[in-house]
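Inspection log for the structure reproduced underneath, given as structure tokens.
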Amino acid sequence: MVSRSHGTAGCSVPVTALLPFVLITFGVAWGVIGLYVLLPEPMAALFGPPSGQHPLFFLAVYAPAIAALVIVGSVSGVSGLRRFLSRLLLWRSSWGWYAFLLLGVPLLFYASAAIRGLPLTPPAPFASLSALLAALFFMAIKGPVEEIGWRGLALPLLQRRLAPIWAALVIGVVWGCWHLPVFLLSGTPHSEWSFAAFFLGVIAISVIVTPLFNRSRGSILLPALFHFQLINPIWPDAQPYATVLFIA
């Protein structure tokens with residue numbers, strides 16, 4: 001279990017903060033995506049058509065981080081936010097975890113593509129180095145930012161009451177449900193995926209990342225790196241086999 005010497009202990013966030021965290025996280029993301037789902041034409045006319053690069057899509061993705069920063073800031077002020085965000089710089093962990101992050105995750109995607117009989121190349125070819133770097137940059141500032149909320153705040157709070165495996169499962173279920181509206185929105189990558197497979201994969205990933213978080217003494221950086229590797233555009237498209245291997 002994550003000790004009180006790291007995680008959220010330094011900024012004195014109570015366990016009861018989980019409720020406002022969930023409400024803000026779902027309120028921001030579901031509010032933005034829900035408006036596009038329910039009122040597609042007015043929203044498209046006002047803000048432009050939805051896409052994975054739309055500013056409002058980024059706002060929805062950043063909802064867990066926004067919720068965490070609001071809660072930590074309201075409880076502990078600027079000094080608490082500083083201590084909280086300093087965990088973005090925690091990088092120490094075992095070599096085994098680094099091998100998994102840097103080698104194991106890519107190998108899993110390549111193995112999944114091989115099982116599926118697909119080319120071992122990126123799903124979308126890049127016309128130039130600048131295009132590749134731009135794709136990597138946008139992925140790095142999108143999904144991994146979620147970890148400021150899910151692993152930065154929610155996981156250590158839950159682990160004050162639950163064993164790590166149960167905390168991981170709870171977050172996995174909540175995290176998976178949080179993504180649901182984007183599956184109903186055309187113009188995003190998720191609209192082409194199976195929600196059931198994605199939901200199970202998210203739970204598996206939550207279970208995998210929890211010991212990484214605990215072993216790195218509350219690092220937000222390493223779960224963010226794991227998240228980035230999961231959406232890295234240079235790995236081959238291997239769904240749903242990649243999900244099956246992550247679950248295994």
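Values computed for the structure shown
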{"read-out": "Projected-area average for region 85-144 over all orientations - Cα convex hull basis, square nanometres", "value": "5.8 nm²"}
{"read-out": "Full-stretch length increase - Asn232, Ala248 - with 0.36 nm per residue and alpha-carbon distance subtracted", "value": "3.7 nm"}
{"read-out": "Residue of His190, His227, His54 that the Gaussian network model of the chain assigns the largest fluctuation, springs spanning Cα pairs under 10 Å", "value": "His54"}
{"read-out": "Cα centre as origin, Lys/Arg/Asp/Glu Cβ charges: the chain dipole, Debye", "value": "980 debye"}
{"read-out": "Calculated Rg and Dmax of the chain using C-alpha coordinates, Å", "value": "18.1, 53"}
{"read-out": "Region 139-226: relative contact order in percent, alpha carbon pairs under 8 Å with at least 6 residues between", "value": "38 percent"}
{"read-out": "Region 102-248: radius of gyration and largest Cα-Cα distance (Dmax), Å", "value": "15.5, 50"}
{"read-out": "Per principal axis, descending, Cα span of region 182-248 in whole Å", "value": "39, 23, 23"}
{"read-out": "Sorted largest first, extent of region 23-87 alpha carbons per principal axis (Å)", "value": "44, 22, 15"}
{"read-out": "Size of charge dipole - region 118-248 - debye, nearest 20, with Cβ of Lys, Arg +1 and Asp, Glu -1, no other charges", "value": "520 debye"}
{"read-out": "Sparse-neighbour loop sites [trypsin sites (Lys or Arg not before Pro); region 19-102; at most 14 other C-beta within 10 Å; DSSP]", "value": "Arg92"}
{"read-out": "Whole-number percent relative contact order across region 35-166, with pairs defined as alpha carbons under 8 Å at least 6 apart", "value": "39 percent"}
{"read-out": "Solvent-accessible area of Leu107 with every protein chain in place, 1.4 Å probe, in Å² to the nearest 10", "value": "110 Å²"}
{"read-out": "Contact order relative to length of region 21-60, as percent, for alpha carbon pairs under 8 angstrom and 6 or more apart", "value": "47 percent"}
{"read-out": "Cα pair count fraction exceeding 19 Å, expressed as % - region 47-161", "value": "66 percent"}
{"read-out": "Euclidean distance of C-alpha centroids, region 26-79 and region 143-202, integer Å", "value": "16 Å"}
{"read-out": "Axial C-alpha extent at least 18 Å, average Kyte-Doolittle at least 1.6 - helices from the chain (DSSP)", "value": "18-38, 164-178, 195-215"}
{"read-out": "Whole-number accessible area per residue in Å² for region 71-158, which is evaluated in the context of all protein chains at 1.4 Å", "value": "53 Å²"}
{"read-out": "Most mobile listed residue (Gly34, Gly117, Gly149) in the chain, GNM with C-alpha springs under 10 Å", "value": "Gly117"}
{"read-out": "Neighbour cut-off at most 10 other Cβ (10 Å), DSSP loop, trypsin sites (Lys or Arg not before Pro), region 115-185", "value": "none"}
{"read-out": "Charge dipole of the chain about the Cα centre (unit charges at C-beta), most positive-ward option of Gly149, Tyr62, Leu180", "value": "Gly149"}
{"read-out": "15 Å beta-carbon shell around Ser186, net charge (K/R +1, D/E -1)", "value": "-2"}
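The values are calculated or read from the model by the stated rules, or taken from the named source; none is laboratory data. Just so we're clear, the structure is a prediction, and the values are computed from it rather than from any experiment. Counting neighbours? That spans all protein chains shown, and the Cβs are built from the backbone with ideal geometry, glycine included. These accessible areas exclude ligands, DNA and RNA; they are computed on the full protein's heavy atoms, side chains included. Shrake-Rupley method; radii C 1.70, N 1.55, O 1.52, S 1.80 Å.
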